[in-house]
Structure formats: structure tokens, C-alpha cells
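Okay, so here's the structure we're looking at.
The values are calculated or read from the model by the stated rules, or taken from the named source; none is laboratory data. All of these numbers come straight from a predicted model, not from anything done at the bench. Using ideal geometry, Cβ is built from the backbone for each residue, glycine included, and neighbour counts are taken over all protein chains shown.
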Amino acid sequence: MLDIKLIRDNPELVKKDILDRGGKDTGVVDRVLESDVRRREMLVEVEELKHQRNKASEEIAALKKEGGDASGIVGRMKEISEKIKSIDSRVRDVEVDIRTLMLEIPNVPDGSVPTGLDEEANIEIRLSGEAPNFTFKPKAHWDLGEELDVLDFERGAKIAKARFTLLKGAGALMERALINYMLDMHTTEHGYTEVFPPILASPASFEGTGQLPKFSEDMFWCRNDDLLLIPTAEVPVTNIFRDEVLKEAELPVKYTAYTPCFRREAGSYGKDVRGIIRQHQFNKVEMVKFVHPDTSFDELESLTADAEEVLSRLGLHFRVVALCTGDLGFSAAKCYDLEVWMAGAGEYKEISSCSCFTDFQARRANIRFKPSDGGKPRFVHTLNGSGVAIGRTVAALLENYQLDDGRVVVPPALQPYMHGMTVIEKPANPI
RNA sequence: GGAGGGAUGGCAGAGUGGACGAUUGCGGUGGUCUUGAAAACCAUUGAGCCGCAAGGCUCCGGGGGUUCGAAUCCCUCUCCCUCCGCCA
């Protein structure tokens, strides 16, 4: 949520940002402004009445103490009380209207974000590593996975539905190994504290991070219990501090979490239909930071570096892309995507998204810190990034480390997490 | 699922109709003392909104009600805790 003062003082900027993001409805800004004016007019009126009431209450108390008769003044106050009640309820209605509108307005992009409506305008920041050379035509991971009997798409779809996959044998082991490999790196080398949060979260938590109310269609709901399956650990982990006040000295707080993630992928029919790139359920290690406002964009750089390290050490080739205004997530002020090379598909695929949300989420979730100098509480800045998506890493490893005989090499960094396994081959008696 | 208890400031925890925006303790900040620190002592310290300001208004889990006036009384919702039952 934006600061209403920003909308008041600079409505044209907010409108421009909405258009830059590819939004069409800048009318919300005007509707917020109209309601804001009405709210303040009513406040002036009702506060004057309340002032009268408070004065009268004092008089009545004084009169009663002296045993005097207060019936006249009491009668007049009855009328004023009724008036207050009716204006108060109108003020509340307008405030609800304003909040409802404000929740639909996206964050303001940072000045360094390239302007553009789609991914064409994204800017490649750097490349890391090199794409492997093959003397043969590399296969797609879904073919490799089925041939090695580590991915079973048929069974996954039978158990649940399409876009659910059954991992088997070395595939399941690699999934688990990657989780541990990433968590260990972030906790022992990058200074994050590991947490394991609830996988279902309340609508209030979803509103705090910006997934609700706007993206309700993308979520799996448990309607009977008014809970939602999380689409990313960002939701529960950021909400750890909802409605809390941290001490300035406690910042930055850095958490990392492994969780399953659930997305309905509404509107992505026909995209990445094969393989494990786009699943309704996938695993992810996430990093979340709560930081001082002065440091947030530096923290974004180091967060991104932390994610890059995961890929570098696995020997994967990737590029870092700065997203343009149109590609930026709703809550983000700035975002880098890490796109890993997929040898089989011959293209880069997003494997991590590292974002700085400035105070946008903190305002919605009411996460503040108390300055050490004793000043008023201020909103923290929040950041998060995948560190990284597990399923897509499995796909990348299969495709980039495949041999001409269909086996797949396990990179050295992962071997200790896979009982020393150096190569994945088809089991003798697959079942 | 059944029975009961609770929700007050950064935290803990008093407060049963007007003198309470709220006793007190902890924590925070400033100071005295000290070579420095700790301890001790003194002072100070809630948040939000409206307003150029002076100042005003609101807030004791949410909503509604009673009343001239509600942290306090009534209704309702949510959440938390305890005991019993069931279950990993």
C-alpha cells in the first residue's frame, strides 16, 4: 500500500506509474482523492461536535458533584450525540472505501527500473558461467526424467491432476538434496536464520504481502477454513512480524525457509505444459529480509548475490535481468530475475526472482521499527528472493549435465547431499 | 467435538461508569557516579488521525448497543489459553 500522502501530493506520478506498469485504470487515484477530501471534511465537522460533547461531559460531572441539576444540558447533548453517531459511521464507510481502493494500487517503481510494457524492455545486467557444449542434441528434462525413471508425469496427474509430478528414486533424492544444499549455504555462509512456517496462511497474511485482494484467482483456497495454500514462503515469512514493532538494532532480520508452494496457474494454459517448469505444487527455498529503509537497495544487491551463489556453485550458466516497469510484480519497487540456461530447451528460464518492496508490504502488514534515537516508529523495508526454485533447478541440472548415453552427472557441490552419487543412471529394476 | 478462562502501551501486568490515555515493573532514551563498564540513583519514554500552526480528535482484540458520558455494563464476532474426548 502506498502512503496516502504520496497520492495526495503527487497524484500524477502515481497515475504515470500505473500506466508504465501496463495498467489502464488511473481512475482509482481520483476516486481515492475524492474520498480523501470527503473524509477530511467530515472529520473536521465531527471532531468539533466531539469537542463540544467532551466539554459538556466535564460540566455535567462538575454539576452532579455539587448536587446541581444538569437535565438541560443533558437534553442538548442527546441531540449532538446522535449527530456524532451518524457522521462517525459515514466516516468509517469512507475509510473502508479508501482502503479498498488503495489495496488495488501497485507499488511505485524505483527510479532505476527501466520503463517498458513487457519483457522486451528488461535489461540483461550480467552473465555468469557458460552454457555447456554438446556433441549431440541435448534432450529436454521431461524426456530424460522419464527415461531415467526419476520423473513420472502420468502418475502425478493420476494422483492429483495435470501439472503435478511424481518424483522417484534419484529424482526425489536430488530434490531433497537441493533443499538441504541451499538451506545450508544460506544459514552457514550468508547469515540467514532458518524458519519453517505454516504452509497454509490466513487472508490477512495474504493481504499483507499483496497477493490479496487482487490475485485471488491464482490461489488454492481452503474455503471451509478460510485459509489459503501459500504460493511462496514470502507470505508466511514476511507476516512473521505483522503488526509488530522491531528495534532498530535488530535490523536487518534475515530469514530463509524451505516450503512447498502452490499456484493455480490460472491464465497460463498452454505455457510450459511439459516437464516440471510450471507445476501447481513445487518446492522452493526462499530468502526474506526486513531492513532499514536506508539500506534496502544495497540489501537487494546482496540478496541477489546470495541467490546467484547457489547457481554458480552448481556450475549452472545463468543471466541476471533487471525487470522493466511492465514486468514488475504488483508489490515490488525493483526486481532482478535470475534466468538459468536450459540446454534441452535452448533457452533461459526464470529460476529466481529477487525483489525490493520498499515500505509497500510493511505498510499493508504494519511492520515497523523503533528508531534508536527514540523517534516515532517507521515502516521497515521488506525484500525477498528465491534462493532458488528447487524443481527448476532439477530440470536445469538434468538438461545441462546430461551425457550422450542419457545418464546425468551430479555436480560436485551436490554429491555430499546425495550420498556421494556422481552420476544418475536408470535403475536396474525400475518400479 | 464438550466445558471453562482470557485479549489493556515495545513487553509484562493493574484497573468494575466521570479525577484514566490509563498505577506499576521491565525494556528504551538522557543524566549523575566511574579510568571504562556494570550496579545504583534521577529524569524521560504509547500509537494514529485532522490542522500552516495553536490546538483538537481517536485508540484498552473487531463490530454493535445502553448512557449526557464506557477500558469499565450488555450483545455479537474473531483470536489465544486451560481441562476432557478424538487423532498424527
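Can you find, within the range A:15-32, the residue that is nearest to RNA strand B (Cβ to nearest atom) among those that are of a type in the set (V, I, T) and in a helix (DSSP H, G or I)?
A:V32
Kindly indicate which of A:S57, A:S35 is within 11 Å of RNA strand B (Cβ to nearest atom) and either touching a Lys or Arg at 6+ places or on another chain (Cβ under 6 Å) or hydroxyl-bearing (S, T, Y) (or both).
Selected residue: A:S57, the only one of A:S57, A:S35 that is within 11 Å of RNA strand B (Cβ to nearest atom) and either touching a Lys or Arg at 6+ places or on another chain (Cβ under 6 Å) or hydroxyl-bearing (S, T, Y) (or both).
Conditions (1) in contact (Cβ under 8 Å) with a residue 12 or more places away in the chain; (2) in the same structural domain as A:S35 (by TED's automatic domain parsing); (3) within 11 Å of RNA strand B (Cβ to nearest atom); (4) in contact with a Leu (Cβ under 7 Å, 6 or more places away or on another chain), marked per residue:
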| site | (1), (2), (3), (4) |
| --- | --- |
| A:I73 | yes, yes, yes, no |
| A:R76 | yes, yes, yes, no |
| A:S81 | yes, yes, yes, no |
| A:I84 | yes, yes, yes, yes |
| A:D88 | yes, yes, yes, no |
| A:V91 | yes, yes, yes, yes |
| A:V94 | yes, yes, no, no |
| A:D97 | yes, yes, no, no |
| A:V113 | yes, no, no, yes |
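List the residue pairs whose Cβ atoms are under 8 Å apart, where the first residue sits in the range A:357-383 and is over 18 Å from A:I4 (Cβ atoms) and near RNA strand B (Cβ under 8 Å from one of its atoms), the second is assigned to a helix (DSSP H, G or I) and not polar (S, T, N, Q), and the two are 6 or more positions apart or on different chains.
What qualifies is A:K370/A:E248; A:S372/A:E248; A:S372/A:A249.
Against the definition (within 30 Å of A:K349 (Cα to Cα) and in contact (Cβ under 8 Å) with a residue 40 or more places away in the chain), how does A:N107 come out, yes or no?
Yes, satisfied.
Filter the range A:24-43 down to residues that are without any contact (Cβ under 8 Å) to a residue 24 or more places away in the chain and surrounded by 15 or more Cβ atoms within 10 Å (Cβ to Cβ), then give me how many there are.
So the count comes out to 1.
Might you check whether a residue that is surrounded by fewer than 20 Cβ atoms within 10 Å (Cβ to Cβ), at pLDDT 95 or above and in a strand (DSSP E or B) occurs anywhere in the range A:265-279?
No, because not a single residue in the range A:265-279 is surrounded by fewer than 20 Cβ atoms within 10 Å (Cβ to Cβ), at pLDDT 95 or above and in a strand (DSSP E or B).
Please determine whether any residue of the range A:350-357 is surrounded by fewer than 24 Cβ atoms within 10 Å (Cβ to Cβ), of a type in the set (G, A, S) and modelled with pLDDT of 95 or more.
yes
Among the listed residues A:V91, A:V46, which satisfies the condition of being touching an Asp or Glu at 6+ places or on another chain (Cβ under 7 Å) and either in a helix (DSSP H, G or I) or surrounded by 15 or more Cβ atoms within 10 Å (Cβ to Cβ) (or both)?
Only one candidate qualifies: A:V46.
Looking at the range A:46-70, I want the residues that are farther than 30 Å from A:R90 by Cα and have a partner that is in a helix (DSSP H, G or I) and within 7 Å of RNA strand B (Cβ to nearest atom) with Cβ atoms under 8 Å, at least 6 apart or on another chain. Which pairs are those?
Pairs that qualify, where the first residue is farther than 30 Å from A:R90 by Cα and the partner is in a helix (DSSP H, G or I) and within 7 Å of RNA strand B (Cβ to nearest atom), are A:A70/A:I60; A:A70/A:K64.
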